[in-house]
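See below for the structure under consideration.
The values are calculated or read from the model by the stated rules, or taken from the named source; none is laboratory data. Worth saying up front: this structure is predicted, and the values here are computed from it rather than measured. Here the Cβ is made from the backbone with ideal geometry for all residues, glycine too, and neighbour counts use every protein chain on show. What goes into the accessible areas is simple: the full protein's heavy atoms, side chains included, and nothing from ligands, DNA or RNA. Shrake-Rupley method; radii C 1.70, N 1.55, O 1.52, S 1.80 Å.
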Amino acid sequence: MRMTKQNTFGIILALLASAACSRSGPGAENQPARPAAVDAARLLHADSEAGNWMTTGRTYGEQRFSPLADVNAQNVGQLALAWSYDLDTRRGQEATPLVIDGVMYFTTAWSKVVALDAATGARVWTYDPKVPPEWAVNACCDVVNRGLAAWNGKVFLGTLDGRLIALDAASGKPVWSTLTIDPAFRYTITGAPRVVKGKVLIGNGGAEMSVRGYISAYDAETGKLAWRFYTIPGDPSKPFENPALEKAAKTWTGEWWKLGGGGTVWDSMAYDADLDLLYVGTGNGGPWNERIRSPRGGDNLYLASIVALRPDTGEMVWYYQETPGEMWDYTSTQHIIVADITFDGKPRKVLLHAPKNGFFYVIDRTNGELLSAKPYTFINWATGVDMKTGRPVETGIARYPGPKPAPVVPGPLGAHSWQPMSFDPQTGFVYFSVHDAGFLYKSPEHFQKNALSPNYGIDVVAAELPQDPNIKKAIISSVKGRLVAWDPATQTQVWEAPRTTAWNGGVLSTAGGLVFEGTGDGNFEALRAANGEKLWSYFVQAGVVAAPVAYTVKGEQYVAILVGWGGVFPLAPGEIALRPKPLANIGRMLAFKIGGKASLPPPVEITPPVLNPPPATASPAAVAKGERIFQTYCAGCHGDAAVSGGILPDLRYSSSLSDDSWFNIVLGGSLVGNGMISFAKELSRDDAEAARAFVIYRANQSLAQSKSAGGSPGTKKH
Ligand code: CA
């Protein structure tokens, strides 16, 4: 086309018009110069910007309390769907969105990023870092991601395969990308970065995958590494990276560095500008079993601890170890809240923490002194915490000393996991999701470090759910979940809301006197903050594990939640995680407002498939061999004892049980595009055959049990 003067003029007019549109678009009331124009001043005073949610915990103190009160206990009954946005993945969704000047930014499974108009849900841009599907085998707990950080026109993403990527918040185009890991090791990133004083902070996961934990700081503009703090010592024959690690090395024995050691920083951080301290939660030991990791004992610093670091240098100022000599997967990576409360009659600057080990800690954040630790649910590994030493008083079964499996509570799921808590300064209560789930721990007869399986260092067959129907029923019914309101000033539970499943969502509280939580059975609820009375509920059609946020656009309040069932619970625990009515796991972002007019399409029901396995003809010895292989290599994703928890395929129903496609998949890697790698490096054809024999045995066992119970199998496939 020949360019005439007239149409050149037209194009210029159109460009001007579109520029004007984007100006008057989302968040125009705040007159942002450009998207995600977040700086130090705004983050330090995030609490005064009630309508925005600029960092994953809303403020540096991570209280996840919204000062918005337009939606409140009086009118929450009129809260209705304003818009929804369907995701392109049906894996677990754990992200807390950021909402900055009318634009919402969030991550999905597989580390993808979505930017939406926060008032309408209209897509602004999306970004896919194209995580190689085969990296999923390195993730203990689903291909999840918990969110982003924002700074100076950019949003920052940590990817499952260990990259830290800065995206232009206007376009979603990468500005820089840096690899934060040595890809020879099985690190994964699932946590949200934070930005403090121009540095992007990011850790990683992989304690079960033989890695050494650390947190790094990168320059937000260039992606250049500023500092790295390892949470545990490396090979002591080499120079220690800092004096804190030299001290820590005295608390380890054996050759832990050859096994990784763990202590990964895979989620929680909080920052206190007054004290200029960054608080970081560290993970469990790797392998779990201390007798393997550090054979002559020791506290194994700084596993399962809160460490306080200088955000400029990574220098450690203090630490408090919650679980010395950790050996149960008791991470301290759970959400850390900075709060000022009256404790023992005095105003105190504290951290509030409910890690996996079942104790609620109130810690003086100026120096790490323990002020109080009380169990927030039933536990049997310790009777309390000695306030003189700050150490737990362990019970006799805690360290699973005997030849029989020890039923320790809580188990590796913890009594509270990564699901964010909320501190409401109006009630003074902390709201969080608690679950009761024990575990059968036993030391293995032999330990072998594998490159393609998790390395727990426990007997994975002894830990299996017993198949005696009565015992199984009793165990499954003992696994429970609830939302709890906890008063940290008195260290007592104020109220609880029982849930139908153990694994539920993160929490938001608001100045409207409300607590919001999504549930594993697919409801999004508002409860009265003071007493837990249920005031509102909306069926979101998929299980929820993520935490909600509240924000405003043009003065109107919204409450938004990412839905999509996943995380570790519906993967490794298997049958315990199954819900009576499975739903298609459609991931969505949902936003609600008073008088919202949107609706969801009808829920997609799952038709239960029919169990039709080939006959079980393998010898008991082959089945037993296959059981160990399955529990070691397969159960982490396809479910304990070959029953899927409902997200990934239930192999009892697999057509590959009857033909050679089983070997093409397990050894040939024919489904690698789904994340199912080839295990040929560690499993022989005989091994793969034995694993199949075990699955066939279990499928026939399930069939027989369902026939004798007079119904269809209570286990279903997605
Ligand atoms: Ca772990």
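Assorted remarks:
- Near pairs, Cβ below 8 angstrom, 6+ apart or cross-chain, from the range 203-219 (farther than 14 Å from Thr282 by Cα and within 14 Å of the ligand (Cβ to nearest atom)) to any residue that is among the aromatic types (Phe, Trp, Tyr) and outside any helix (DSSP H, G or I): Met209/Phe185; Met209/Tyr187; Ser210/Phe185
- In the range 352-371, the residues that are open to solvent by 10 Å² or more (accessible area, probe 1.4 Å) and under 15 Å from Asp386 (Cα atoms): Glu369, Leu370, Leu371
- Elements of type strands (runs of 3 or more DSSP E) contained in the range 409-528, each with 3 or more residues being within 29 Å of Ala270 (Cα to Cα) and away from the ligand (no atom under 16 Å from the Cβ): 422-424, 429-436, 480-487, 492-499, 507-510, 514-518, 523-528
- Condition met for Ile337 (aliphatic (A, V, I, L, M) and within 16 Å of the ligand (Cβ to nearest atom)): no
- Qualifying positions in the range 464-475 - open to solvent by 20 Å² or more (accessible area, probe 1.4 Å) and among the aliphatic types (A, V, I, L, M): Ile471, Ala474, Ile475
- Residue in the range 197-216 that is more than 22 Å from the chain's Cα centre (by Cα) and aliphatic (A, V, I, L, M) present: no
- Restricting Ala136, Ala118, Ala150 to those that are in contact with a Gly (Cβ under 8 Å, 6 or more places away or on another chain) and open to solvent by less than 10 Å² (accessible area, probe 1.4 Å) reduces the list to Ala118.
- In the range 239-268, the residues that are farther than 24 Å from Gln334 by Cβ and more than 16 Å from the ligand (Cβ to nearest atom) form Cβ pairs under 6 Å with partners that are modelled with pLDDT of 95 or more and among the basic types (Lys, Arg), at six or more places apart or across chains, as follows: Thr253/Arg296.
- Listing of strands (runs of 3 or more DSSP E) fully contained in the range 187-266 that carry 3 or more residues being of a type in the set (Val, Ile, Thr) and buried (at least 23 other Cβ atoms within 10 Å of the Cβ): none
- Qualifying residue in the range 446-457 (condition: open to solvent by 60 Å² or more (accessible area, probe 1.4 Å), in contact with a Gly (Cβ under 9 Å, 6 or more places away or on another chain) and farther than 22 Å from Ser644 by Cα): yes
- Test: Trp328 is open to solvent by less than 10 Å² (accessible area, probe 1.4 Å), of a type in the set (Phe, Trp, Tyr), outside any strand (DSSP E or B) and within 16 Å of the ligand (Cβ to nearest atom): yes
- Scanning the range 267-296 for residues that are open to solvent by 10 Å² or more (accessible area, probe 1.4 Å) and under 18 Å from the mean Cα position of the chain (by Cα) returns a single hit, Asp267.
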